[in-house]
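**Q** Supplied in structure tokens, the structure appears directly below.
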Amino acid sequence: MYELSTSSVSRKQLVLEIRGKAKITCDLKRHLSPRTVGNILRSLPLEGHAHQLGKNIFYFETSVDSGIERSRTEFKKGDVAFLPSTGSICFFLNDVESGKTMTPLGRLGENVDALNDVKSGDVFCIYEETA
């Protein structure tokens, strides 16, 4: 088996920046939800204020409009998902069984624990790293 490059068609490596605090790699995987991942990639860069849902989920609202795709309610620490009802991109701090149905998008890379320092009102920004 060979390793996929960061410019792979099926996996897109992005940066999730918590403005002024940290940067975390963020892999979006097309095979999880091709239509939604495509809509997000075409909308980059995305930016919004951080909000917390319970103790385990951070999210920010976007203008991305995409219905539910390959819906799930269970997510693991480091997962990234899309909540179609609000157009929000969600990041999971711990394993969660959500009451909301979401579209899986991918995973955060190392440094997921940087999310523990996020406060409501911090700014999340997702973009493609340019060389």
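The values are calculated or read from the model by the stated rules, or taken from the named source; none is laboratory data. Please read all numbers here as calculations on a predicted model, not as lab measurements. Because the Cβ atoms are built from the backbone with ideal geometry, glycine has one as well, and the counts that use them run over all protein chains shown.
**Q** Please list, ordered by residue number, the strands (runs of 3 or more DSSP E) wholly in segment 49-96 having 1 or more residues that are among the acidic types (Asp, Glu) and in contact with a His (Cβ under 9 Å, 6 or more places away or on another chain).
**A** 57-61
**Q** Only one of these is within 23 Å of Thr86 (Cα to Cα), surrounded by 17 or more Cβ atoms within 10 Å (Cβ to Cβ) and either at pLDDT below 95 or of a type outside the set (Phe, Trp, Tyr) (or both): Val15, Val37. Name it.
**A** Val37
**Q** If I filter segment 97-112 down to residues being within 12 Å of the chain's Cα centre (by Cα) and outside any strand (DSSP E or B), which single residue comes out as nearest to Leu32 (Cα to Cα)?
**A** Gly109
**Q** Here's a follow-up. When you look at Val123, is it at pLDDT 95 or above, under 17 Å from Lys12 (Cα atoms) and touching a strand residue (DSSP E or B) at 6+ places or on another chain (Cβ under 8 Å), yes or no?
**A** No, not satisfied.
**Q** Tally up the residues in segment 113-127 that are more than 21 Å from Ile68 (Cβ to Cβ) and either touching a helix residue (DSSP H, G or I) at 6+ places or on another chain (Cβ under 8 Å) or assigned to a strand (DSSP E or B) (or both), please.
**A** 4
**Q** State yes or no: is Val96 touching an Asp or Glu at 6+ places or on another chain (Cβ under 9 Å) and at pLDDT 95 or above?
**A** In short, no.
**Q** Please enumerate the residues belonging to segment 37-55 that are of a type in the set (A, V, I, L, M) and farther than 17 Å from Gln13 by Cβ.
**A** Ala50, Leu53
This table checks each residue for (1) closer than 24 Å to Lys119 by Cβ; (2) in contact with a Ser or Thr (Cβ under 6 Å, 6 or more places away or on another chain); (3) among the aliphatic types (A, V, I, L, M); (4) touching a residue at least 12 places away in the same chain (Cβ under 8 Å).
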site: Arg19; (1), (2), (3), (4): yes, no, no, yes
site: Arg30; (1), (2), (3), (4): no, yes, no, yes
site: Gly38; (1), (2), (3), (4): no, no, no, no
site: Leu41; (1), (2), (3), (4): no, no, yes, yes
site: His49; (1), (2), (3), (4): yes, no, no, yes
site: Lys55; (1), (2), (3), (4): yes, no, no, yes
site: Thr73; (1), (2), (3), (4): no, yes, no, yes
site: Asn94; (1), (2), (3), (4): yes, no, no, yes
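**Q** Further question: Could you list, ordered by first residue, the pairs with Cβ atoms under 8 Å in which the first is in segment 103-131 and without any contact (Cβ under 8 Å) to a residue 60 or more places away in the chain and the second is assigned to a loop (DSSP other than H, G, I, E, B) and aliphatic (A, V, I, L, M), at least 6 apart or interchain?
**A** Note: pairs meeting the criteria are Asn116/Leu93.
**Q** Here's another thing I want to ask about it. Check Lys77, Lys100, Lys55 and return the single one that is touching a helix residue (DSSP H, G or I) at 6+ places or on another chain (Cβ under 7 Å), surrounded by fewer than 21 Cβ atoms within 10 Å (Cβ to Cβ), at negative phi and basic (Lys, Arg).
**A** Lys77
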